[in-house]
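Coordinate-derived values only; no laboratory data. In this text, all values refer to a predicted model and were calculated from it rather than measured experimentally. Cβ sites come from the backbone with ideal geometry, for glycine too, and all protein chains shown count toward neighbours.
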Amino acid sequence: MALNSDLKRSVQGFTDLMLPLSDKELEHPWIWKDHDEEGIRFAFFVTLQELRDLAVMLAGARSKLTPAQHILSQYHVAYMDLQAALLGLSSPDSERAPAEGEWPVRRVYAHILSTELNFTITVRYALEKHRAGTWTPEPVSDAEADRLAGISEGDYQNLIKGPLDAMLAYHRQLHSQILEEFSTIKDQELEFPSTFWEETRFPIRHRLHRYEAHFAQHTIQMDKTLAAIGQAPHESKQLLRKIYAALAEAEGLMIGAEKMDETVILATASSISERTKEIEDLLRKT
């Protein structure tokens with residue numbers, strides 16, 4: 001089952017509305033049931049709670065995640081946190097280095113994307129060769145790497161040297177492919193050896209966990225870079241990062257699900273969209 005697009009769109013609409021709001025604007029009066037003192041700020045916590053509850057219901061409704069799907073769900077949480085860290089970042093600011101000789105955000109993201117492609121090539125190559133019974137410890141050739149990456153060397157160079165927006169768009173597509181493709185990895189296949197640059201032949205299990213670990217390393221680097229260039233997150237962005245984490249948890253439970261009743265997912269998406277519209281109308285009247 002693919003990740004639900006209605007749920008993602010509802011959270012994106014909420015994000016687009018709430019991200020630009022100042023701390024003062026979050027105090028604008030808004031009432032939700034018996035809660036009438038926290039203002040618009042409280043909409044974040046209602047939305048957060050709905051998404052967390054959705055995750056609980058999905059966990060109870062689906063069969064147990066396989067080990068590969070569980071690892072991918074952890075990777076998805078890290079990916080969404082990375083995207084949340086970059087919310088609202090302008091193209092010029094993505095090119096600003098925090099200090100002489102240090103990487104700007106765009107350069108950090110180019111490294112993340114380049115490494116993710118290499119991780120993906122490594123896993124694809126190992127799976128392909130093991131499944132065909134032809135695996136050897138030799139690293140993948142350049143020609144095979146281009147085939148397994150699905151992108152030519154020229155297009156790859158243009159991508160990682162290009163603007164951040166283009167890398168983000170490409171990464172969204174790659175990320176979806178990874179979730180769908182690797183969600184079918186069988187338990188025993190996780191233990192198959194794979195070859196990257198190291199002499200150690202790490203198992204595929206290790207390669208899948210590396211996605212999240214590498215994200216964690218460089219998301220922290222981006223956080224420090226953003227703070228150094230005067231782009232530390234304000235309250236709305238900090239709260240949206242919590243929302244993205246909750247969305248990621250719910251979406252992680254959809255990975256690899258062959259069949260799932262989407263009623264509760266669509267109900268949550270509708271509730272978030274209605275709340276967004278209500279607050280949008282409220283702000284328009286001020």
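In loop segments of region 174-222 as defined by DSSP, the trypsin sites (Lys or Arg not before Pro) with at most 16 further C-beta atoms inside 10 Å of their C-beta are LYS186, ARG201. Contact order, relative form, for the chain: 43 percent (alpha carbon pairs under 8 Å, 6 or more residues apart, mean separation divided by residue count). Straight-distance candidates among the aspartates and glutamates for linking to LYS242, with alpha-carbon spacing under 17 Å and chain neighbours fewer than 8 residues away dropped: ASP16, ASP23, GLU50, ASP53, ASP81, ASP223, GLU251. Return a whole-number percent for the relative contact order of region 141-286, with Cα pairs under 8 Å and 6 or more residues apart as the contact set. Computed over region 141-286, the figure is 14 percent.
Under 17 Å of direct C-alpha separation, and excluding same-chain neighbours fewer than eight residues apart, LYS33 reaches these lysines: LYS277.
Only one residue of SER90, GLN49, MET254 has its Cα farthest out toward the positive end of the dipole of the chain, where Lys and Arg carry +1 and Asp and Glu -1 on Cβ, and that residue is MET254. Report summary: the helix-based calculation at 222 nm, which adds -39500 (n - 2.57) for every DSSP H run with n ≥ 4 and divides by the residues of the chain, gives -21500 deg cm²/dmol. In summary, the lysines within cross-link reach of LYS64, defined as a Cα separation below 18 angstrom excluding same-chain residues under 8 places away, comprise LYS186, LYS259. Stokes-Einstein diffusion of the chain at 4 °C, 1.567 mPa s viscosity, Kirkwood radius from Cα pairs, rounded to a whole number: 63 µm²/s.
Considering only GluC sites (Glu not before Pro) in DSSP loops that have at most 16 other Cβ atoms within 10 Å, the longest stretch of the chain without any of them is 103-197. For region 199-286, the dipole from Cβ point charges (+1 on Lys and Arg, -1 on Asp and Glu) about the Cα centre works out to 360 debye, to the nearest 20.
Checking every one of the trypsin sites (Lys or Arg not before Pro) in region 57-156 against DSSP loop status and a limit of 10 other Cβ atoms within 10 Å picks out LYS64.
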